[in-house]
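For reference, the structure is listed below as structure tokens.
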Amino acid sequence: MTWFQSPADASEQLHEAAYLADTSTATTTYLAGALEKPLLVEGPAGVGKTELAKAIARANGAELVRLQCYEGLDEARALYEWNYKKQLLRIQATSSDQAWEETHDDIFTDEFLLPRPLLTAIRREQPTVLLIDEVDKTDIEVEGLLLEVLSDFQVTIPEMGTVTAVRRPFVVLTSNATRELSEALKRRCLFLHLDYPDAVREKEIVLSQVPDLDDTLAGQLVQMIARLREMELKKAPSIAESVDWARTLIALEVSDLDEKAVDATLGVVLKHASDQDKALAALRGDANRPGRPGSAARPRPRSVR
Amino acid sequence: MTLLDRHLAFVRALRTAGLPVSLAEDLDSVRAMTDLGLADRETLRAGLAATLLKRENHRPSFDALFDLHYPALLGSGVSLTPEVSTDPTSEDRGDAQTSSATSAAEREARLAELRGDLVEAMASDDAAALQALAVRGVEQFGAMPGRGQGLSQWSSYNTMRAVSPDTLVLRLARALAAEQGEDPGLRTTTATRRVDAWRRRVETEVRRRIAEDKGAEHVARTTLRPTIDQLAFTSARRDDIAEMRRQIGPLARRLATRLAKEQHARRRGPLDVRRTVRASLATGGVPITTHHRPKRPHRSELVVLCDVSGSVANFASFTLLLVYALREQFTKVRAFTFVDDLHEVTGEFTPGADPEEVLTRLADSARHASMWGRTDYGRAFGLFQERHADALTPKSGLLVLGDGRSNYTDPGLHHLRQMTAAARHAWWLNPEHTRQWGTGDSAAPEYAEVVAMAECRNLAQLTEIVHDIV
């Protein structure tokens with residue numbers, strides 16, 4: 001099946017699925033569908049990596065199969081497992097005159113197989129989006145496991161043989177880059193780096209998520225977020241956090257994002273005490289005395305007024 | 001040149017610039033190009049990036065090479081995009097070529113006009129107009145007349161000097177007042193950002209002009225800056241340093257993950273015979289599962305001695321930051337900075353501190369550490385032995401950071417010898433290229449005989465060395 005007709009089509013369809021994609025996101029998404037290659041999405045937390053996979057699924061009416069990666073994830077959790085209990089029951093239930101060979105053939109069949117996300121995605125005949133979330137959290141061995149799945153879209157089960165995908169799933173891998181992924185894995189994927197959106201796009205995103213928000217307030221909010229991101233904080237605010245902020249402002253019925261409002265609600269966006277202190281100091285400093293010595297490290301002209 | 005040749009040259013240039021592009025990725029990119037077509041340049045760029053690029057820190061190199069090999073326009077404004085072709089300068093480019101001959105007054109008038117247009121375009125953040133203005137700016141003010149054949153004829157420095165970015169920021173900040181309200185801080189940051197973005201457009205444009213004269217490969221070889229982790233500390237510019245500072249956090253995090261994984265793998269200690277035998281009773285004396293004694297995690301103390309004189313200050317502060325970000329890997333870290341006097345800076349690194357502030361304070365510490373402002377390694381080592389000799393124990397590692405350039409003073413080798421003898425390990429990281437060791441006032445070879453000295457010129461090397469030290 002073709003997932004998207006063209007980059008423009010991808011952009012449009014994602015938009016309908018409530019995801020605002022920029023040129024490179026739309027193009028890369030389209031290419032991943034057209035070339036039938038897995039898509040590796042990297043970027044800071046909260047820029048909509050997982051959301052992209054969900055939107056692709058929504059746009060195509062496909063089912064989303066999700067494999068959440070974590071340290072210690074193994075084959076049994078990612079691929080398949082045999083249902084031992086059921087197999088035992090089956091052995092106990094067989095009459096004594098049945099030969100062992102027959103029983104043996106019986107208990108390694110589809111009936112006793114517990115498919116996990118990877119196998120599920122490969123065996124599905126309907127359109128499927130396979131999301132392998134936070135792939136950088138896994139151990140190196142799991143990457144090896146993924147290589148077979150991602151390059152040939154097949155899984156080998158020793159007792160049953162090789163299962164090849166009837167219909168290739170659209171694979172999205174996400175990563176926060178806490179660890180360098182292996183070259184082999186990267187080579188099999190298309191690469192997309194998602195970063196914080198520019199102010200205009202972020203405003204659109206916030207407004208699409210929180211339609212009740214006043215337009216000028218949204219503008220102020222986005223400007224403020226952009227400034228916070230420039231401050232080299234420990235954890236820069238993500239899109240999810242700007243949306244949260246917008247919701248908070250509505251709940252508190254704030255109509256103007258002035259210093260007082262920022263003071264009261266900054267906890268929604270910044271989750272570290274040191275970040276909050278720094279942000280408040282910088283915001284005050286900017287407003288009151290432009291030539292503050294502490295800000296000398298940031299590129300800025302010498303005289304403002 | 002056919003399209004395929006052009007593409008192959010592009011891929012070759014990427015490889016030369018240090019991007020790992022395999023044949024499989026090359027094939028993908030050609031398929032992507034066929035699929036996407038050449039109609040839209042930004043789509044093409046995105047498609048090629050998706051197939052050829054696998055690391056975000058390679059992006060600047062990729063973009064620069066893409067601009068060189070797939071230029072947006074040819075010549076001095078015979079444009080491929082309609083927005084630029086309406087640019088009035090394309091008609092009078094004949095006399096722009098001879099801009100050196102035009103009178104100063106005329107040049108001034110043109111400059112004023114360009115600045116006016118720039119402020120207008122930047123205020124509305126109009127990408128097409130900004131691009132057109134970059135072309136125009138280079139055209140009118142970026143030429144370097146009077147240089148011989150084979151030398152580059154275009155300069156972004158000339159262009160920017162003529163336009164004067166500081167004035168632009170000022171005017172733009174004023175122009176933004178209507179749109180963004182009465183917040184001077186916000187206005188100037190926005191203005192600075194937009195002017196910087198335009199500067200990058202000018203630099204790209206200049207590279208394109210030079211590439212047209214001499215071929216893309218020549219430009220890629222000579223003017224392209226290395227990726228941020230390959231960039232030498234000593235040749236870093238202000239915005240590079242800001243970028244490096246942003247990289248330190250993630251770098252330390254990646255390094256810590258890697259170390260944790262490696263320690264995890266090495267955790268199995270020697271066989272625990274008692275437990276193994278006891279467990280084997282359940283299987284009739286066959287030791288099916290073996291038990292091991294857990295290894296005790298070994299953590300060492302670290303003493304860092306750091307030259308903070310002007311030439312190596314950047315390198316020293318980044319190393320200190322990285323070492324400090326990895327605090328958990330050591331039981332104790334003590335840091336000293338010196339120029340000719342010695343100053344302890346351990347206190348500057350509080351948990352959760354912000355790299356920017358720490359760097360500022362470290363820069364201040366250079367003042368404390370200097371009495372006459374001339375690097376003197378021998379004196380610094382002597383002072384260390386005098387005041388802090390107790391910091392070095394058989395459990396601690398010693399890390400010296402510096403280029404070993406001691407202004408022809410006594411290198412104090414015997415002090416260093418005593419120090420290395422007192423410590424468990426000792427390393428010296430030198431930010432200079434190996435071939436510069438021993439030239440001029442560098443005492444590096446002599447020091448290298450006492451401690452293991454390693455060349456450490458960029459973030460990538462630094463990460464590897466710190467990994468080995470931990």
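The values are calculated or read from the model by the stated rules, or taken from the named source; none is laboratory data. What you are looking at is a predicted structure, and each value in this text was computed from that prediction instead of being measured. When we count neighbours, we look across all protein chains shown, and the Cβ atoms used for this are built from the backbone with ideal geometry, even at glycine. For the accessible areas, the whole protein counts, side chains as well, though only heavy atoms, and no ligand, DNA or RNA atoms are used. Shrake-Rupley method; radii C 1.70, N 1.55, O 1.52, S 1.80 Å.
I need the fraction of alpha carbon pairs in the range A:73-148 separated by more than 14 Å, rounded to a whole percent. So the portion of pairs separated by more than 14 Å is 69 percent.
Given N residues in chain A, what is its alpha carbon radius of gyration divided by 2.2 N^0.38 Å?
Values: Rg = 25.1 Å, N = 305, 2.2 N^0.38 = 19.3 Å.
Relative to the rule-of-thumb radius for its length, chain A sits at 1.30.
Where in the range B:1-76 are there chymotrypsin sites (Phe, Trp or Tyr not before Pro) that are in a DSSP coil and have at most 15 other Cβ atoms within 10 angstrom of their Cβ?
On the way: sites: B:PHE10, B:PHE62, B:PHE66; in loops: none.
Here no chymotrypsin sites (Phe, Trp or Tyr not before Pro) fit, given the DSSP loop and packing criteria.
The gain in end-to-end length when the A:GLN126 to A:SER96 segment is fully stretched comes to 6.6 nm, 0.36 nm per residue minus the alpha carbon separation. Note on A:LYS260 and B:THR257: their simple-model spin labels are 4.4 nm apart, each label 7 Å out from Cα toward Cβ.
For the residues A:VAL243, A:VAL200, A:VAL65, a GNM of chain A with alpha-carbon springs under 10 Å puts the largest fluctuation on A:VAL200.
Considering only Cα-Cα distances, which of the following residue pairs are longer than 20 Å: B:LYS261/B:LYS295; A:LYS49/B:LYS54; A:LYS234/A:LYS271; A:LYS54/A:LYS234; A:LYS278/B:LYS332; B:LYS261/B:LYS332? All intermediate terms of the calculation are to be shown ahead of the outcome.
Values: B:LYS261/B:LYS295 15 Å; A:LYS49/B:LYS54 16 Å; A:LYS234/A:LYS271 9 Å; A:LYS54/A:LYS234 28 Å; A:LYS278/B:LYS332 27 Å; B:LYS261/B:LYS332 22 Å.
From B:LYS261/B:LYS295; A:LYS49/B:LYS54; A:LYS234/A:LYS271; A:LYS54/A:LYS234; A:LYS278/B:LYS332; B:LYS261/B:LYS332, over 20 Å: A:LYS54/A:LYS234; A:LYS278/B:LYS332; B:LYS261/B:LYS332.
Between A:LYS85 and B:ALA452, the modelled labels are 5.4 nm apart [label points 7 Å from Cα along Cα→Cβ].
Scan the range A:97-186 for GluC sites (Glu not before Pro) in coil per DSSP, keeping those whose Cβ has at most 11 other Cβ atoms within 10 Å, and list them by number. Passing sites in the range A:97-186 are A:GLU125. Return one number: the angle in degrees, 0 to 90 and rounded to the nearest 10, between the long axis of the Cα atoms of helix A:215-229 and the longest principal axis of the Cα atoms of chain A. Taking the Cα atoms of chain A, the angle to A:215-229 is about 80 degrees. By a 1.4 Å probe calculation restricted to protein chains, B:SER124 has an accessible surface near 80 Å², given to the nearest 10. Using only the alpha-carbon atoms, how far is helix A:84-93 inclined from the longest principal axis of chain A? Give it as 0 to 90 degrees, nearest 10. That helix lies at roughly 20 degrees to the long axis.
Rolling a 1.4 Å probe over the protein heavy atoms leaves B:GLU25 with an accessible area of roughly 10 Å². Expressed to the nearest 5 percent, the antiparallel share of DSSP beta bridges inside the protein assembly as shown is 30 percent. The mean count of C-beta atoms from other chains within 10 Å of the C-beta of residues in B:36-43, rounded to a whole number, is 3. Across the range B:350-470, the convex hull enclosing all Cα atoms gives 134 Å³ per residue. The local environment of A:ARG124, defined by Cβ-Cβ distances under 14 Å, has a net charge of +3 under the rule Lys, Arg +1 and Asp, Glu -1.
Sparsely packed loop sites in the range B:279-345 (the GluC sites (Glu not before Pro) outside DSSP H, G, I, E and B with at most 13 other Cβ atoms within 10 Å) do not occur.
I need the per residue convex hull volume for the range A:176-221, using only the alpha carbons, in cubic angstrom as a whole number.
Working: hull volume 4.7 nm³, N = 46.
Once divided by residue count, the hull of the range A:176-221 is 103 Å³.
The mean number of partner chain beta-carbon atoms within 10 angstrom of a residue's beta-carbon across peptide A:161-167 is 0.
Along each principal axis, taking the top coordinate minus the bottom one, the Cα set of the range A:1-135 gives 67, 33, 22 Å in descending order.
State the dimensionless ratio Rg/Rh of the range B:282-321 (Rg: radius of gyration of Cα atoms; Rh: Kirkwood radius).
Working: Rg = 24.2 Å, Rh = 15.1 Å.
Rounded to two decimals, Rg/Rh equals 1.60.
Suppose the chain between B:ALA128 and B:GLU212 were pulled fully straight at 0.36 nm per residue; how much longer would it get relative to their current alpha carbon spacing?
Values: separation 84, 0.36 × 84 = 30.24 nm, distance 2.16 nm.
Here the segment from B:ALA128 to B:GLU212 would lengthen by 28.1 nm.
Ranked by solvent-accessible area (1.4 Å probe, protein heavy atoms only, all chains present), the residues B:ASP26, B:ASP63 order from largest to smallest as B:ASP63, B:ASP26.
These residues, B:HIS433, B:HIS414, go from largest to smallest accessible area, 1.4 Å probe, as B:HIS414, B:HIS433.
Using a simple spin-label model with pseudo-atoms 7 Å out from Cα toward Cβ, A:ARG66 and A:MET160 lie 2.5 nm apart. Sorted from greatest to least, the principal axis extents spanned by the alpha carbons of the protein assembly as shown come out as 110, 73, 62 Å. Here, P(r) means the percent of Cα pairs in each 5 Å bin from 0 to the largest distance; for the range A:168-292 it is 2, 9, 18, 18, 16, 12, 9, 7, 5, 3, 1, 0.
Based only on the alpha carbon positions, what is the Kirkwood hydrodynamic radius of the range B:266-407, in angstrom? Show your work: numbers first, answer last.
Working: mean 1/r = 0.0565 Å⁻¹.
It works out to 17.7 Å.
Measuring how big the range B:413-470 is from its alpha-carbon positions, Rg and Dmax come out at 12.1, 33 Å. Over the protein assembly as shown, DSSP H runs of length four or greater, each weighted -39,500 (n - 2.57), average out per residue to a 222 nm ellipticity of -16000 deg cm²/dmol. Estimated at the nearest 10 Å², the accessible area of A:SER11 is 40 Å² with a 1.4 Å probe. Principal-axis analysis of the Cα atoms of chain A puts helix A:7-16 at an angle of about 80° to the longest axis.
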